[in-house]
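Enquirer: Next up is a structure, given as structure tokens.
The values are calculated or read from the model by the stated rules, or taken from the named source; none is laboratory data. Because the structure is a prediction, the values reported are computed rather than measured. Because the Cβ atoms are built from the backbone with ideal geometry, glycine has one as well, and the counts that use them run over all protein chains shown. Surface accessibility is based on the protein's heavy atoms, side chains included, excluding ligands, DNA and RNA. Shrake-Rupley method; radii C 1.70, N 1.55, O 1.52, S 1.80 Å.
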Amino acid sequence: MGEHHDKVVWITGAGSGMGEASARSAAAAGWRVALSGRRREALEEVADAIRAAGGEALVVPLDVTDRDAVAAARDAIVEALGRIDAVVLAAGLNSPRRRWSDQSMTEFDAILQTNLVGPAAVVDAALPQLREHGGVAVMVSSYSAWAFAPIAGVAYSASKKGLAELARTLNAQEAASGVRACHLCPGDVATDFLEHRPSVPDAEARSVMLTPGDIARTVQFVLDAPAHVRVDELVVSPVSQV
């Protein structure tokens with residue numbers, strides 16, 4: 001376990017992949033973690049593992065597209081843990097139908113709501129707490145938001161590009177409160193999210209990708225930065241990224 005402190009990080013998409021790895025890493029570094037995601041069972045498993053390792057975890061199931069639920073989750077975290085010092089926004093959605101020729105606007109809307117509007121709602125809800133504590137927001141975005149990636153898809157690319165502006169506007173407007181935002185752009189990461197690709201990568205392809213743990217270490221670097229340090233944008237790629 002890391003050095004004990006009272007700081008609380010609220011992580012969305014915490015039931016699997018990069019969100020889960022970031023939660024475990026933060027807990028190991030001494031942060032108290034609030035775990036949000038749509039699947040309570042998955043969150044409970046992550047929480048059990050964190051507690052077994054001596055950490056503190058609160059399970060707060062949440063669909064980030066439900067505005068009332070976002071506010072209620074924020075209230076539950078503050079009531080139970082007393083504060084929110086950071087948010088890590090790792091909930092994500094994509095579809096195998098990624099081209100103008102095969103996408104549906106129903107899926108387009110769902111992807112934008114999960115990947116862009118949802119993070120904005122979580123930050124908006126947490127912002128009074130972040131202002132009070134000089135907090136940090138980590139937007140888990142995508143390599144495709146930093147450099148055009150043809151396979152990422154119309155809706156996904158647009159949604160992740162929008163996260164860059166959420167981070168920039170936070171940094172431009174909330175600096176006086178000590179609030180810091182990071183637009184984190186991972187390259188290919190070997191998670192279950194790959195199942196949403198039109199052509200699902202095989203084990204050999206996944207073996208050269210980043211791991212969720214690689215991203216968790218990056219998130220932890222941002223979370224643990226001194227209060228006067230802002231990491232505006234980070235791009236982390238496997239050597240195999242093209």
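Enquirer: Which residues, counting only those in the stretch 45-66, are open to solvent by less than 40 Å² (accessible area, probe 1.4 Å) and within 15 Å of Val123 (Cβ to Cβ)?
Expert: Leu62, Val64 - these are the residues of the stretch 45-66 that are open to solvent by less than 40 Å² (accessible area, probe 1.4 Å) and within 15 Å of Val123 (Cβ to Cβ).
Enquirer: Within the bounds of the stretch 162-171, is there any residue that is free of Cβ contacts under 8 Å to residues at least 60 places away in the same chain, within 22 Å of Gln220 (Cβ to Cβ) and of a type outside the set (A, V, I, L, M, F, W, C)?
Expert: No, the stretch 162-171 has no match at all.
Enquirer: Just to be sure I understand the filter: pairs with C-beta atoms under 8 Å, separated by 6 or more residues or on different chains, first member in the stretch 202-217 and farther than 12 Å from Glu20 by Cβ, second member at pLDDT 75 or above and open to solvent by 80 Å² or more (accessible area, probe 1.4 Å). Which pairs pass?
Expert: Partner pairs satisfying both residue conditions: Val208/Val239.
Enquirer: Would it be correct to say that Arg40 is modelled with pLDDT under 95 and surrounded by fewer than 22 Cβ atoms within 10 Å (Cβ to Cβ)?
Expert: So Arg40 fails the test.
Enquirer: With the structure loaded, tell me whether Ala69 is open to solvent by less than 50 Å² (accessible area, probe 1.4 Å) and touching a residue at least 24 places away in the same chain (Cβ under 8 Å) or whether it fails that test.
Expert: No.
Enquirer: Here is a check on your reading of the model: is Arg74 under 19 Å from the mean Cα position of the chain (by Cα) and either under 24 Å from Ala21 (Cα atoms) or surrounded by 23 or more Cβ atoms within 10 Å (Cβ to Cβ) (or both)?
Expert: Answer is yes for this residue.
Enquirer: Hey, can you tell me all the residues within the stretch 187-233 that are outside any helix (DSSP H, G or I), at pLDDT 70 or above and either open to solvent by less than 40 Å² (accessible area, probe 1.4 Å) or within 16 Å of Ala149 (Cα to Cα) (or both)?
Expert: Once the filter is applied, which keeps residues that are outside any helix (DSSP H, G or I), at pLDDT 70 or above and either open to solvent by less than 40 Å² (accessible area, probe 1.4 Å) or within 16 Å of Ala149 (Cα to Cα) (or both), the stretch 187-233 yields Gly187, Asp188, Val189, Ala190, Met209, Leu210, Ala225, Val231.
Enquirer: Still on this structure, please answer the following. Going through the stretch 77-88 one residue at a time, which ones are surrounded by fewer than 16 Cβ atoms within 10 Å (Cβ to Cβ) and either of a type in the set (A, V, I, L, M, F, W, C) or within 19 Å of Pro119 (Cβ to Cβ) (or both)?
Expert: Correct list: Ala80 only.
Enquirer: Filtering the stretch 125-164 down to residues that are among the polar types (S, T, N, Q) and under 30 Å from Gly82 (Cα atoms), which residue is surrounded by the fewest Cβ atoms within 10 Å (Cβ to Cβ)?
Expert: Checking each candidate, the answer is Gln129.
Enquirer: From (1) within 20 Å of Cys185 (Cα to Cα); (2) touching a residue at least 24 places away in the same chain (Cβ under 8 Å), pick out the condition that doesn't hold for Ser157.
Expert: (2)
Enquirer: For the stretch 128-135, check the following and say yes or no: at least one residue is of a type in the set (A, V, I, L, M) and within 22 Å of Ala57 (Cα to Cα).
Expert: Checking the stretch 128-135: at least one residue is of a type in the set (A, V, I, L, M) and within 22 Å of Ala57 (Cα to Cα).
Enquirer: Quick check, is Asp102 more than 23 Å from Pro238 (Cβ to Cβ) and without any contact (Cβ under 8 Å) to a residue 12 or more places away in the chain?
Expert: yes
Enquirer: Regarding Met1, is this residue at pLDDT below 95, crowded, with 22+ Cβ neighbours inside 10 Å and among the aliphatic types (A, V, I, L, M)?
Expert: It is false that Met1 is at pLDDT below 95, crowded, with 22+ Cβ neighbours inside 10 Å and among the aliphatic types (A, V, I, L, M).
Enquirer: If you don't mind, another one. When Ala91 is evaluated against the numbered criteria (1) touching a Lys or Arg at 6+ places or on another chain (Cβ under 9 Å); (2) surrounded by fewer than 22 Cβ atoms within 10 Å (Cβ to Cβ), which criterion, by number, is the only one it fails?
Expert: (2)
Enquirer: Starting from residues that are out of contact with any Lys or Arg (no Cβ under 9 Å at 6 or more places or on another chain) and not in a helix (DSSP H, G or I), keep the ones in the stretch 14-33 and report whichever is surrounded by the fewest Cβ atoms within 10 Å (Cβ to Cβ).
Expert: The selected residue is Ala29.
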